[in-house]
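K.L.:
Take this structure first; my questions come after.
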Amino acid sequence: VFPRNRQARIQPSEIEQMYDAGATICVTGMEQAHPRLHAAAARVRAEMAYAGEITFRAYLSPPGSGFDLHFDARVATTLQIAGKKRWWYSKEPGVAFPMHNSGREPAGWPRTRPPARSELVEVVLEPGDVLCLPAGAWHCAKAEGKSMSLALNMAFDHKGGGFLDFVTAILQNRLVRDAAWRQPLPVHPGRKDRMPDPVASMLRVRIEELQAELAALLNNEAELTRAWRKAMRAMRSK
Ligand SMILES: [Fe+2]
């Protein structure tokens, strides 16, 4: 990561050169290579019954280097291991449970304005200190002093673990058994201004079926519990 959060994916052989050029080096997927981190992520997920994903990243910053103001679509818990790092963060998330990091929102997705520096809380992390920022909290950081900063970050990624994911998985599981829901939308070439009547009427029937499914689901505790257990099993096997 270079100033203004410009990022490049690099090979391990390039780390030294990039570090010397002033970049913060971020190693993602640490839990895949490190058995104890893998076990720690699994244990934390099970203890918290966290439906999202938990991963580890390591950050190595040369003196004075860090990140410019941004927010991430995940909870970031950073453990300072060596050196010092100055952090600035917003007291409240700019967006609650965002689906995208700031600046990475797709077209049409609302963007929030970053807060002024004066509104941010400032803190210096020393070895052993932990800072936990909710997903969507604006933050920036800079390695303090003359030595490099090394930190380990445990990230809680809520993507795939939300209520929308849970409910759509139940509906998907039920509705996919019906051929009417698996068939492609009818072909009606040449009409772009208005939905053709046959398509509109089929769509209405599907939406009515969907309403009936949801109404039945509301009082079907057994089905909801089964889906919940399945989600928990999937979470544990991640
Ligand atoms: Fe961040």
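All of the numbers you see were taken from the coordinates with simple rules; none came from a lab. Please read all numbers here as calculations on a predicted model, not as lab measurements. Counting neighbours? That spans all protein chains shown, and the Cβs are built from the backbone with ideal geometry, glycine included.
K.L.:
Taking the Cα centre of the chain as origin and charging only Cβ (+1 Lys, Arg; -1 Asp, Glu), how large is the dipole, in debye to the nearest 20?
P.N.:
Value, rounded to 20: 300 debye.
K.L.:
Of LYS91/LYS146; LYS84/LYS159; LYS84/LYS146; LYS85/LYS159, which ones are farther than 20 Å apart at the Cα?
P.N.:
In this structure, LYS91/LYS146; LYS84/LYS159; LYS85/LYS159 exceed 20 Å between Cα atoms.
K.L.:
I would also like to ask the following. Given the chain, what whole percent of its Cα pairs are spread farther than 25 Å?
P.N.:
The proportion of pairs with Cα distances above 25 Å equals 57 percent.
K.L.:
Choose one of GLY136, LEU37, ALA222: the residue whose Cα lies farthest towards the positive end of the charge dipole of the chain (beta-carbon charges +1 Lys, Arg; -1 Asp, Glu; about the Cα centre).
P.N.:
Checking the options against the dipole of the chain, the answer is ALA222.
K.L.:
Still on this structure: Volume per residue, Å³, of the convex hull around the alpha-carbon atoms of the range 130-238?
P.N.:
It comes to 231 Å³ per residue, whole-number rounded.
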